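Please see the structure below; I have some questions.
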Amino acid sequence: MAPSSTSGAPLKRRLGFRLLLVFFGLFAAGVLAATVTAIVLAPTLPPVHNILRKHLKAPLQVLTRHGQLITEFGNEERMPVTLKQVPPTLIQAVLAAEDRSFYTNPGIDLLGIARAAWVDIVTGRKAQGASTITMQVARNYFLSPHKTFTRKIKEVLLSFKIARELTKDQILTLYLNKIFLGNHAYGFEAAAHVYYGKPLKALDLAQLAMLAGLPQAPSLDNPIAHPHNARARRHYVLTRMLALGDITEAQYAQADAAPIATRAHTIHYHVDAPYVAEMVREYMIKHFGKKKTYDGGYRVYTTLGAREQEAADHAVEDGLLAYNIRHGYYGPTAVVPVDAKTSRHRLRRDLRHYTTVGGLVPAIVTAVGYHSIKAYDLDRHTVRVGWQGLSWAARFITVNAEGYAPKQASDILKVGDVIYLHHGGPGRWALSQIPRPYAALVSLRPRNGSIAALVGGFDFYHDNFNNVTQAYRQPGSSFKPFVYSAAIAKGYTAASLFSGAPIVALSGAHGELWRPHNYSDHFRGLTRMRVGLAQSINLVSIRVLRAVGIRYAVHYAERFGFKASALPHSLSLVLGSATLTPLEMARGYTVFANGGFRVRPYFIRKIVDERGKTIWRAKPLVVPPPANASVAIRGTPHFAVQAISPQNAYIMTSMMQSVIRSGTGQLALSLKRIDIAGKTGTSNHERNAWFSGFSPYLETTVWVGFPVPKSLGHYEVGAHAALPIWVQYMGAALAGRPDTPFARPRGIVTAIINRHTGLPCSKTNPAAMREYFIKGTVPKKGGQRGVPGPAQSVRSSGLF
């Protein structure tokens, strides 16, 4: 007999009931386990109130004194913003994509968690889904990214806690600044700059929707690497926004049809100052540690001026390229095979080993005409270089010799040569080369020592050696003013006479004969100190030092910041045989520029933390205002020490103005200013070329030389190699500043003297001239020139 069709029903009911009991049992067990786990884990949860103070990793920013960005150091691009700075459209897009119930849920989505848990049980995998914005904040700020059940429970518990203790706006702000969005971008503001090169507020709906779609899979949906995926994800976000009524049909259609149009944008730096940026980085690591330096979000405001720094960069570059032209072409950097069949792809491959250096662009010569060439450059352009950009390139032989002037392009280059080009403007290209000499420029504000501009070399990324702070070189005659100042302090005057006759002296431990000479190899008779300094007469200067005394001069130089132990205790001191850095020389010259005060160079104005609080501010030594000046003084200033008298500083400044008016620095007359003074310097065999000069606003020192000292070449003296750089820089840096004479202090008088004898004379005397004196040192009429004291001369004595 066949069984009844209904006989299996009780069995099915019993089986279903048992399955239901098992399910509820498992559910109860799960709830119990979760409760126990929650009880155990709850005490281990971090305090939520710390989240508002929790550090967001952000790069170190280095800025000019007025806030223009120089560079950033750090592994993460992050630009924290407040909720008021975020476009409402982005907030709508993020909520549509990530958590539509954000403003109403308790921090978690129970249904979503249940679905995710079911997937976990059925598939045996730990799913990532069901994370609300609050849960993502909990995970990103407090928990590890590893997917475990324990971490998920912690995430839920912490999300409840965060939702209870923080406002929704606070939670959303944390999320918008913390979330990773690919390409090293953390937070939406940074992502806007990375993908579009613009701030969030400048993006349109399509761009904001694309960013809003990134949190779920920032690598897979990256619009640069995977534009197809990014478009699909953006479509989803826009569809959700339309469904929620955030946008209209027309807005949806326009945004959905828009191209992705993204590319990797680097942060735009407003000022190029890598040597100072490196100085800042080293300072921060020393005082804050490496981790805080790179991740702490500090903003370091330097003392640099944007205009001054840009002018310094151009002046150093132009000065070194001019040296190149004076000494001929070294030849191509390399040679690669090129013919009519060579593809651009092959040319690009051959150029991949070369980079732009100091604005010089690498290129490969692809064609050589009679008076022109064509070259394929690193920027994938074929450029033409005419004869004006080629004709300078006679073959370099030595620093003192070059080959015949070329008559056609083939005398210089051939197809396949790897060269460097200099771009002088639209359509103006010239053959160039990486300079072999180095150069340095540092510019200080004399009244407080702040660094206005600093260039440590031709290209930091080609050679990061900072010649301003690290290159110890002989300053040559640019050291003479410090010895002459010592003579003024001892009672000598600008009119004092010293012999310019030949000198033979004993030198060294073995008593070798020393025969110094003038650069011109000509000898002179009695010469006034003003003329001796202006025309940089070595034999006169040696006698000035002899009159002052070596020991006195060495210790007197300490007033300018030099260390006595670093100076030679010999007559060669006045010829600049010490080894000093450009920064040390610049500091010394500020004493003359500011009226006699010794300031301390510094390059950081203040340091601001990630919350905008100033945590460190420089306390520079400043020049006190004149006693009769009504100047408002902020805070409690630290006044600089009076190193030399204002009268001494004024006399020395006047003498260094003669260097420009009638001496070795006459190129500076092209600036057409009366408020500049300075001194050239050249060490033996033209190994180092210097110019240190100043106005009341800026002191600037320029050095040119090889990294391993050797001759720059005949006539590459300070006036020829360094002074043009100084003139170009100061012309730009002082543009718009009043041409104001140096302030004349009390105690300075003038007298009419005979330019030959240095003694007072009548105005009608053909040799009459006006001279400045410190009160009480004016020579007397009929005085003896050889008598020590006012208007004294020093005649030959002993080996002199």
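The values are calculated or read from the model by the stated rules, or taken from the named source; none is laboratory data. Not measured: the values here are computed from a predicted model. Quick reminder, even Gly has a Cβ in these numbers, built from the backbone with ideal geometry, and neighbours come from all protein chains shown. These area figures cover heavy atoms from the full protein model, side chains too; ligands, DNA and RNA do not enter into them. Shrake-Rupley method; radii C 1.70, N 1.55, O 1.52, S 1.80 Å.
Is there a quick way to get the dipole size of the range 476-574? I mean about its Cα centre, with the Cβ of Lys and Arg at +1 and of Asp and Glu at -1; what is the value in debye to the nearest 20? Spell out each step's value before the answer.
Details: 11 positive and 3 negative charges, 54 e Å.
Here the range 476-574 has a charge dipole of around 260 debye.
What list of ³J(HN,Hα) values in whole Hz, one per residue of the range 179-186 in order, does the Karplus curve 6.51 cos²θ - 1.76 cosθ + 1.60 (θ = phi - 60°) give from phi, with Gly and Pro shown as x?
Going residue by residue, I get 4, 7, 10, x, 6, 6, 8, 10 Hz, with x marking Gly and Pro.
Right, something else. From the square roots a ≥ b ≥ c of the eigenvalues of the alpha-carbon gyration tensor of the range 476-574, which class results: rounded (a/c under 1.5), prolate (a/b over b/c), or oblate? Don't skip to the end; give the middle numbers.
Working: a/c = 1.80, a/b = 1.08, b/c = 1.67.
It is oblate, given that a/c is not under 1.5 and a/b is not larger than b/c.
What's the ranking of 425-435, 491-501, 476-486 by average number of surrounding C-beta atoms within 10 Å, highest first?
Details: 425-435: 17.1, 491-501: 23.8, 476-486: 27.2.
My ranking of the peptides, most packed first, is 476-486, 491-501, 425-435.
Mind ranking I774, I364 by accessible surface for me, highest first, 1.4 Å probe? Don't skip to the answer; put the middle values down first.
Values: I774 40, I364 0 Å².
If we order I774, I364 from most to least accessible, we get I774, I364.
Here's something else I'd like to know. Spin-label point model (7 Å from Cα, Cβ direction): what's the R744 to S372 distance in nm?
Spacing of the two 7 Å Cα→Cβ label points: 6.0 nm.
Got a sec to turn the phi values of the range 280-286 into Karplus ³J(HN,Hα) couplings, 6.51 cos²θ - 1.76 cosθ + 1.60 with θ = phi - 60°, whole Hz, x for Gly and Pro?
After applying 6.51 cos²θ - 1.76 cosθ + 1.60, I find 5, 4, 5, 5, 5, 5, 5 Hz.
Hey, which lysines would be in cross-link range of K374, C-alpha to C-alpha under 30 Å, not counting anything within fewer than 8 residues on its own chain?
Reachable lysines: K341, K407, K414.
Between Q388 and N684, what's the calculated FRET efficiency when r is the beta-carbon distance and R0 is 51 Å? Round to 0.05.
Numbers: r = 37 Å, r/R0 = 0.73.
Efficiency at R0 = 51 Å is approximately 0.85.
Here's another thing I want to ask about it. Compute the signed sum of charges (Lys and Arg +1, Asp and Glu -1) over the other residues within less than 11 Å, Cβ to Cβ, of Y376. Write down the numbers at each step before the final one.
Values: positive: R344, R346, R348, K374, R380; negative: D350, D377, D379.
Summing Lys/Arg as +1 and Asp/Glu as -1 gives +2.
Right, another one. Take the Cβ-Cβ distance between Q470 and A243 as r, set R0 to 60 Å, and report the resulting FRET efficiency rounded to the nearest 0.05.
On the way: r = 64 Å, r/R0 = 1.06.
The value I calculate is 0.40.
If packing is taken as the average count of other Cβ atoms within 10 Å, what order do 224-235, 552-563, 313-324 fall into, highest mean first? Intermediate values should be presented prior to the final figure.
Numbers: 224-235: 17.0, 552-563: 19.3, 313-324: 21.2.
Going by the mean number of other Cβ atoms within 10 Å, highest first, we get 313-324, 552-563, 224-235.
Still on this structure, I have one more. Going by the alpha-carbon gyration tensor, a ≥ b ≥ c the square roots of its eigenvalues, is the range 272-357 rounded (a/c under 1.5) or, if a/c is not under 1.5, prolate (a/b greater than b/c) versus oblate? If you can, show how the numbers build up before the last one.
Numbers: a/c = 3.41, a/b = 1.70, b/c = 2.00.
Oblate.
What is the range 307-425 by shape, rounded, prolate or oblate, if you read a ≥ b ≥ c off the alpha carbon gyration tensor as root eigenvalues and call it rounded for a/c under 1.5, prolate for a/b larger than b/c, and oblate otherwise? Don't jump to the answer; show the numbers that get you there.
Details: a/c = 1.95, a/b = 1.20, b/c = 1.62.
In terms of gyration-tensor shape, oblate.
Another one. In the range 476-574, carbon and sulfur make up what percent of the accessible area (probe 1.4 Å)? Numbers along the way, then the final one.
Working: 2010 of 3770 Å².
Exposed carbon and sulfur together represent 53 percent of the surface.
Let me ask something additional. Keeping all protein chains in the complex and leaving out DNA, RNA and ligands, what accessible area do you get for H517 with a 1.4 Å probe, in Å² to the nearest 10?
So the heavy atoms of H517 present about 100 Å² to solvent.
At a 1.4 Å probe radius, carbon and sulfur cover how many percent of the accessible area of the range 330-432? Don't jump to the answer; show the numbers that get you there.
Details: 2870 of 5690 Å².
The computed percentage sits at 50.
Can you list the residues, at least 5 places off or on another chain, whose amide H is less than 5 Å from the amide H of Y329, using H built in the peptide plane?
Long-range HN contacts for Y329: A394, R395, F396.
What does the charge add up to near G328, with Lys and Arg as +1, Asp and Glu as -1, over the other residues with Cβ less than 9 Å from its Cβ? Kindly include the intermediate steps, with their values, before the conclusion.
Numbers: positive: R326, R395; negative: E402.
The answer is +1.
Hey, another quick one. Using 0.36 nm times the number of residues separating K201 and E610, minus their current alpha carbon distance, what extension gain do you get? Don't skip to the answer; put the middle values down first.
Numbers: separation 409, 0.36 × 409 = 147.24 nm, distance 2.13 nm.
Residue separation times 0.36 nm, minus the Cα-Cα distance, leaves 145.1 nm.
Right, here's the next one. How much length is gained on full extension from A334 to S101, taking 0.36 nm per residue of separation minus their Cα-Cα distance? Don't skip to the answer; put the middle values down first.
Numbers: separation 233, 0.36 × 233 = 83.88 nm, distance 6.42 nm.
Length difference between fully extended and current span is 77.5 nm.
Taking H placed 1.01 Å from N in the peptide plane, check which residues at least 5 places from G596 or on another chain put their amide H under 5 Å from its amide H.
Under 5 Å from the amide H of G596: no residue qualifies.
OK, next. Would you pull out the residues with amide H under 5 Å of E402's amide H, same chain only if 5 or more places away, H placed 1.01 Å from N?
Placed amide hydrogens put I397 under 5 Å from E402.
Please report, as a whole percent, how much of the solvent-accessible surface of the range 643-775 comes from carbon and sulfur atoms (probe radius 1.4 Å). Before the final figure, lay out the partial values.
Numbers: 2940 of 5260 Å².
Reported share for carbon and sulfur atoms: 56 percent.
May I ask for the net charge around A232, where only other residues with Cβ less than 15 Å from the Cβ of A232 are counted and Lys, Arg are +1 while Asp, Glu are -1? Don't jump to the answer; show the numbers that get you there.
Details: positive: R231, R233, R234, R240; negative: D221, D256.
Local charge sum for A232: +2.
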